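This report concerns only the one structure given below.
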Amino acid sequence: MSKKGQEGTSTGTIIGVLIGFLLLVVMGYFIYNFFGTLDKGRETFTPNQIDIKVQACKAFVSVGAKESFCNFQELEKNTYLNCDHDKVKEALINEDYDISGLNCEKTPEQYCRDTKTNKGDNFNDQITVNGEKCVKLGVSK
């Protein structure tokens with residue numbers, strides 16, 4: 001394999017480099033998938049969506065409309081939000097609205113269960129309720 005004055009790369013070195021490269025690719029794939037799925041079950045709302053909901057919630061609080069405060073409203077296809085969402089409540093409290101007596105009894109999980117019951121086979125477990133997908137809340141098809 002080697003001639004006088006020439007050096008060649010041994011087969012063992014080539015195999016070692018190929019195995020190292022393959023390990024790097026596999027590790028990269030798993031790291032990418034791990035960090036890519038950390039937040040897939042949780043949806044975030046745009047500031048505009050939160051602001052619109054906060055404005056509606058201010059009106060509900062002003063007139064003491066607990067039912068409207070707690071009703072889940074569709075912001076966009078398959079995305080529902082009520083005034084009991086943490087960011088909405090935080091905005092209301094920051095603007096000195098008293099929401100102490102407005103505790104919602106229906107949780108996002110209960111809303112998902114009710115929707116599943118009502119829609120039957122047409123239920124979409126990817127519906128997002130107050131930032132959580134129904135499937136992550138334990139309600140799936």
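The figures follow:
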| item | result |
| --- | --- |
| Nearby aspartates and glutamates by direct alpha-carbon distance to LYS136 (threshold 17 angstrom, same-chain neighbours under 8 apart not counted) | ASP39, GLU43, GLU109, ASP114, ASP125 |
| Over 28 Å (Cα to Cα) - which of LYS89/LYS141; LYS66/LYS141; LYS58/LYS141; LYS66/LYS116; LYS58/LYS119; LYS58/LYS116 fall in this group | LYS89/LYS141; LYS66/LYS141; LYS58/LYS141; LYS58/LYS119; LYS58/LYS116 |
| FRET efficiency estimate (nearest 0.05) - Cβ-Cβ, ILE31 to GLU76, R0 25 angstrom | 0.20 |
| Theoretical FRET efficiency, 1/(1+(r/R0)^6), r = Cβ-Cβ of THR46 and ASP86, R0 22 Å, to 0.05 | 0.90 |
| Amide H contacts of GLU132 (H built 1.01 Å from N, under 5 Å, at least 5 apart or other chain) | GLU43 |
| Most to least packed among 61-68, 9-16 [average Cβ atoms within 10 Å] | 61-68, 9-16 |
| 5 angstrom amide H check on GLN73, placed H, neighbours 5+ away | LEU81, ASN82 |
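Since every read-out is calculated from the coordinates, none of them should be taken as a lab result. Predicted, not measured: the structure shown is a model, and the values here were computed from it. Glycine also receives a Cβ, built like all others from the backbone with ideal geometry; neighbour counts cover every protein chain displayed.
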